[in-house]
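Enquirer: Pasting a structure here, questions to come.
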Amino acid sequence: MTELARELAAKTGDSEASWAAALQSCRQSLRESDLLDDEVKLLARDSQKVEHFNTLTRLLYLYARAHPGRKRGFQMFIDSVNHSPFGLSDWLVSLHILHEYAVENGRKIEFPHLREYLTCCIYSPETRTPGITLQSIVGEMLSFAGYEGP
């Protein structure tokens, strides 16, 4: 994973050491049955920043620990991405924004509810605006309505 950390550092501007630590932490905390090596690489390569990768892998870890034997968190997430007009990178940034909003507001929101909020955002009329990103829709929704879910 050293070569991957180097590649990601060059792409994102984050340090190679921070990427190496993130990848190592991911592999140590998430079992292969929860997140395959190829899935780790996919998420890492589509992350614009190491913090976006860390947010999702931490949420996947908490979900797997709290719900053993349920559908894999990664699969739920990627299914949502695949059924939306937005790409994985946009989803990763948006998930990070939503998670940071929750933390700043003293909320602990489980991964499935965060994913559901993002899924609701893709049904917003704004998705028809050319060039709009999921992260801008999420930002608008949070500033307008906040988060009122569980």
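What follows draws every value from the coordinates through simple rules; no lab data is involved. The model shown is predicted, which means the values in this text are computed figures rather than measured ones. Cβ atoms come from the backbone with ideal geometry, glycine included; neighbour counts cover every protein chain shown.
Enquirer: Quick one: is Phe86 part of a loop (DSSP other than H, G, I, E, B), in contact (Cβ under 8 Å) with a residue 24 or more places away in the chain and over 16 Å from Leu4 (Cβ atoms)?
Expert: Yes; evaluated as a whole, the condition is true for this residue.
Enquirer: Continuing with the same structure: Return the residues of the stretch 129-146 that are closer than 17 Å to Val93 by Cα and in a loop (DSSP other than H, G, I, E, B); say none if nothing qualifies.
Expert: Those that are closer than 17 Å to Val93 by Cα and in a loop (DSSP other than H, G, I, E, B): Gly131, Ile132, Thr133.
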